[in-house]
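Okay, so here's the structure we're looking at.
The values are calculated or read from the model by the stated rules, or taken from the named source; none is laboratory data. Just so you know, these numbers come straight off a predicted model, no measurement behind them. Here the Cβ positions follow ideal geometry from the backbone for every residue, glycine too, while neighbour counts run over all protein chains shown. Keep in mind that these areas ignore ligands, DNA and RNA; they rest on the heavy atoms of the full protein, side chains included. Shrake-Rupley method; radii C 1.70, N 1.55, O 1.52, S 1.80 Å.
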Amino acid sequence: MTLLPALAFGFVLGLRHATDADHIAAVGTIVSHSRAPRDAALVGAWWGVGHSASILLVGGALVLFRIPMPTRIALALELCVAIMLIVLGARSLMARRRAPAPTALRPLFVGVMHGLAGSAVLAMLLIGTAGGPLTSALYLLCFCVGTIAGMSLVTALIALPARLDAARALRFEQALRTAAGIASVGIGLTMAHRVGIQEGLFAVVPTP
């Protein structure tokens with residue numbers, strides 16, 4: 001993979017990665033409390049920063065040393081994400097009224113967890129290419145920039161309908177919080193079943 005295509009591909013893949021269902025479900029439970037697109041975009045950006053930090057540190061180390069993440073550890077990280085999605089969804093569903101605007105810490109932590117769970121797959125992709133360390137490092141960096149940009153855009157778009165009048169904004173917020181909560185719990189349970197049962201996290205030998 002030559003340099004310029006690697007950079008472009010990394011950025012575009014980062015944009016697409018931000019729209020994964022589990023990412024949107026998790027951030028949706030947080031951004032449902034934000035009525036201003038700018039505030040929502042900041043939530044998405046903080047998620048992207050956390051995601052990028054763990055991708056660069058863990059994924060970068062795996063690529064640098066050309067080693068795959070152990071299967072059981074990768075599955076355990078995915079299970080942690082599944083549990084986190086269930087908890088976020090349950091919190092969103094139990095919220096009876098508008099909560100205070102979230103701080104940067106929550107989306108940052110959620111992003112870190114998602115990044116850790118995705119590091120194994122991304123590292124395997126890069127290890128399998130013929131690119132050298134510089135190309136791989138630049139690819140990771142562009143992937144992270146694309147992810148931050150993509151999630152900021154997605155969360156800003158989610159919050160746009162909230163700029164309606166107060167009554168409609170409140171109904172939209174309640175509907176978004178409920179939909180995000182249900183989606184988050186559903187995706188979390190599906191992930192937990194896949195990781196724990198289908199891919200055998202708790203088996204003697206997990207599925208590679």
Probe radius 1.4 Å, ligands and nucleic acids left out: which of R72, R194 has the largest accessible area, and how do the rest follow? R72, R194
How large a share of the accessible area of the chain, in percent, is made up of carbon and sulfur atoms when the probe is 1.4 Å and the other protein chains stay in place? 74 percent
In whole Hz, what ³J(HN,Hα) sequence does region 37-54 give by Karplus (6.51, -1.76, 1.60; θ = phi - 60°), x for Gly and Pro? x, 5, 5, 5, 5, 5, 4, x, 5, 5, 4, x, 5, x, 4, 5, 4, 6
What whole-number value in Å² describes the accessible area per residue of the chain for a 1.4 Å probe? 50 Å²
What is the local net charge at L116, summed over the other residues whose Cβ is closer than 15 Å to its Cβ (Lys, Arg +1; Asp, Glu -1)? -2
For P(r) over Cα pairs in 10 Å bins from 0, in percent, several values are listed as (i) 7, 30, 32, 21, 9, 2, 0; (ii) 8, 34, 37, 17, 4, 0; (iii) 10, 33, 33, 18, 6, 1; flag the one computed from this structure. (iii)
Based on C-alpha coordinates, I'd like the Rg and Dmax of region 38-118, in Å. 14.8, 49
